[in-house]
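Have a look at the structure below before the remarks.
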Amino acid sequence: MLIPGKPVKNGASADPSLSPQQAREVLRDRARQAEQEVMGVTMASMDELTLLSNRHGFTSLAQLGLETCQRLEIPATLLFFDLDNFKHINYLYGRAEGDNALKTFADVLRIAFRESDVIGRLGDDEFVALLTGSSAVDIAAIKARLEEILDERNATMRRGYDIRFCIGQVEFDPLHHSIDELLIEAERALHP
């Protein structure tokens, strides 16, 4: 970034024809441009409705998580969620209420999982979570917490339906080379 009168790395001066006011304007324009670029990247990897990672964002983050687990030799588990009777909710209560159900489930996932877990919405009524460094006992406790929080939401919201889900679970092992392989296997476990 060039600032008038300020030496740059190679010892040369910035454009002396810019006034301090013009230099500030240039800096503000560059800052806005950088913010827009960051926002574009964020939006490209985020599900607009639930504000969770979308498929692209999830697979990118989860792949990094898996590589770290592999390098550090720590366990990882992928949980694949499918909402029960979601099409029925959309049909009986309308698409807006279906969207509310998706947002509610996303909120419950954010509350139930740890900050270190990667969660996302793959599309429609499919959600995923990659848990790193968790034992089978930890995962059972997290699933129980998720169901407890969802039961509380269902009881307080009284919408005429309850949000329920089925879950597929797969443990990461050296035979898995990518998050995509885990996703396929977890989805198969969801519908045995």
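The values are calculated or read from the model by the stated rules, or taken from the named source; none is laboratory data. Model, not experiment: these values are computed from the prediction. In this analysis, Cβ positions are derived from the backbone assuming ideal geometry, glycine residues included, and neighbour counts consider all displayed protein chains. These area figures cover heavy atoms from the full protein model, side chains too; ligands, DNA and RNA do not enter into them. Shrake-Rupley method; radii C 1.70, N 1.55, O 1.52, S 1.80 Å.
Looking only at the stretch 103-132, residues that are within 18 Å of Leu183 (Cα to Cα) and among the small types (Gly, Ala, Ser) come to 3 in all.
Filtering the stretch 90-109 to residues that are open to solvent by less than 10 Å² (accessible area, probe 1.4 Å) and farther than 13 Å from Leu49 by Cβ leaves Val108, Leu109. Just to verify a result, which residue in the stretch 110-149, among those that are among the polar types (S, T, N, Q) and part of a loop (DSSP other than H, G, I, E, B), is least open to solvent (accessible area, probe 1.4 Å)? The qualifying residue least open to solvent (accessible area, probe 1.4 Å) is Ser134.
Residue-wise test of (1) touching a helix residue (DSSP H, G or I) at 6+ places or on another chain (Cβ under 6 Å); (2) among the charged types (D, E, K, R); (3) at pLDDT 90 or above; (4) under 20 Å from Ser178 (Cβ atoms).
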site: Ile3; (1), (2), (3), (4): yes, no, no, no
site: Asn10; (1), (2), (3), (4): no, no, no, no
site: Ser13; (1), (2), (3), (4): no, no, no, no
site: Pro16; (1), (2), (3), (4): no, no, no, no
site: Ser45; (1), (2), (3), (4): yes, no, no, yes
site: Thr59; (1), (2), (3), (4): yes, no, yes, yes
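Tally up the residues in the stretch 69-89 that are assigned to a helix (DSSP H, G or I), without any contact (Cβ under 8 Å) to a residue 60 or more places away in the chain and either among the aliphatic types (A, V, I, L, M) or buried (at least 18 other Cβ atoms within 10 Å of the Cβ) (or both), please. Looking only at that region, the number is 2.
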